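The values are calculated or read from the model by the stated rules, or taken from the named source; none is laboratory data. From a predicted model like this one, the values you see are computed outputs, not experimental measurements. Virtual Cβ from ideal backbone geometry, glycine too; neighbours counted across all protein chains shown.
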Ligand code: CDP
């Protein structure tokens, strides 16, 4: 497939909940001047839209129709990226714990996944993109030039999400946060369509003892090496 110029690669970052994908992806995108596509935010938008319209997350036809018609876009706001659903800023609303669960529920449905897949591939095809999620290296962008699988211990991931919720003014018990993450990971890894999985050619990074900026520098280094390699062989 003829695609993007050698100066613009596609970077896929996958991993379980709260492994730091979003922060790392955003930092790498900023450093390289690339677009950042948060596919988890897209599933969260569909979970939110289904909730708001009273469509059960088990209703594949109803949720699929919502996903096919949803108008989702991203906009940079300084260092953060805001998420818009039907033109309204839903950046805060989609981060609620129950919307994470609704996202994971609708993400099981093949009809929802195929509707979002087209949009995600279109966003990735131009190159110059960092995309994060669960199935980016395996399904959405299997030809991505750089694939990262980012992991961290369950305890550390729960602690991060717990701190984030407290900071946002919606505190929750650490044990509850941990079981929610564990449940969602099991559902994401166990589903039959595009489960959470490491691609064979992905670089596995454990962020349990590393800060987001340390991991981002490592990913940026790998990306620059890929870019140099592409220039050298072109
Ligand atoms: O931020 P966090 O890691 O908790 O989750 P997220 O990336 O916002 O994704 C929310 C949910 O969307 C996940 O639990 C998955 O079920 C689903 N998802 C997916 O199925 N495929 C993707 N490429 C991205 C997210």
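For the reader, a short list of remarks on this structure follows.
- The one condition in (1) touching a residue at least 12 places away in the same chain (Cβ under 8 Å); (2) surrounded by fewer than 18 Cβ atoms within 10 Å (Cβ to Cβ) that residue 181 fails to fulfil: (2)
- Selection within region 114-141 - within 9 Å of the ligand (Cβ to nearest atom), assigned by TED's automatic domain parsing to the domain that holds residue 71 and either closer than 14 Å to residue 35 by Cβ or in contact with a strand residue (DSSP E or B) (Cβ under 6 Å, 6 or more places away or on another chain) (or both): 120
- Number of residues in region 153-165 that are surrounded by 13 or more Cβ atoms within 10 Å (Cβ to Cβ) and either under 30 Å from residue 122 (Cα atoms) or away from the ligand (no atom under 14 Å from the Cβ) (or both): the value is 1.
- Taken as a whole, region 201-216 holds at least one residue that is in a loop (DSSP other than H, G, I, E, B) and closer than 30 Å to residue 111 by Cβ.
- Residues located in region 187-205, provided they are crowded, with 19+ Cβ neighbours inside 10 Å and either near the ligand (Cβ under 9 Å from one of its atoms) or within 14 Å of the chain's Cα centre (by Cα) (or both): 188, 194, 196
- Residue ID - nearest to the ligand (Cβ to nearest atom), chosen from residues in region 142-152 that are part of a loop (DSSP other than H, G, I, E, B) and buried (at least 18 other Cβ atoms within 10 Å of the Cβ): 152
- The number of residues in region 22-59 that are within 15 Å of the ligand (Cβ to nearest atom), touching a helix residue (DSSP H, G or I) at 6+ places or on another chain (Cβ under 8 Å) and part of a helix (DSSP H, G or I) comes to 16.
- Restricting attention to region 84-111, the residues that are out of contact with any strand residue (DSSP E or B) (no Cβ under 7 Å at 6 or more places or on another chain), assigned to a loop (DSSP other than H, G, I, E, B) and more than 9 Å from the ligand (Cβ to nearest atom) add up to 5.
- Residue check for residue 179: over 24 Å from residue 31 (Cα atoms) and assigned to a helix (DSSP H, G or I): yes
- Taking first residues from region 205-234 that are not assigned by TED's automatic domain parsing to the domain that holds residue 156 and partners that are surrounded by 16 or more Cβ atoms within 10 Å (Cβ to Cβ), no Cβ contact under 8 Å between residues at least 6 apart in sequence or on separate chains turns up.
- Among the criteria (1) under 14 Å from residue 13 (Cβ atoms); (2) surrounded by fewer than 16 Cβ atoms within 10 Å (Cβ to Cβ); (3) touching a helix residue (DSSP H, G or I) at 6+ places or on another chain (Cβ under 6 Å), the one residue 208 does not fulfil is (1).
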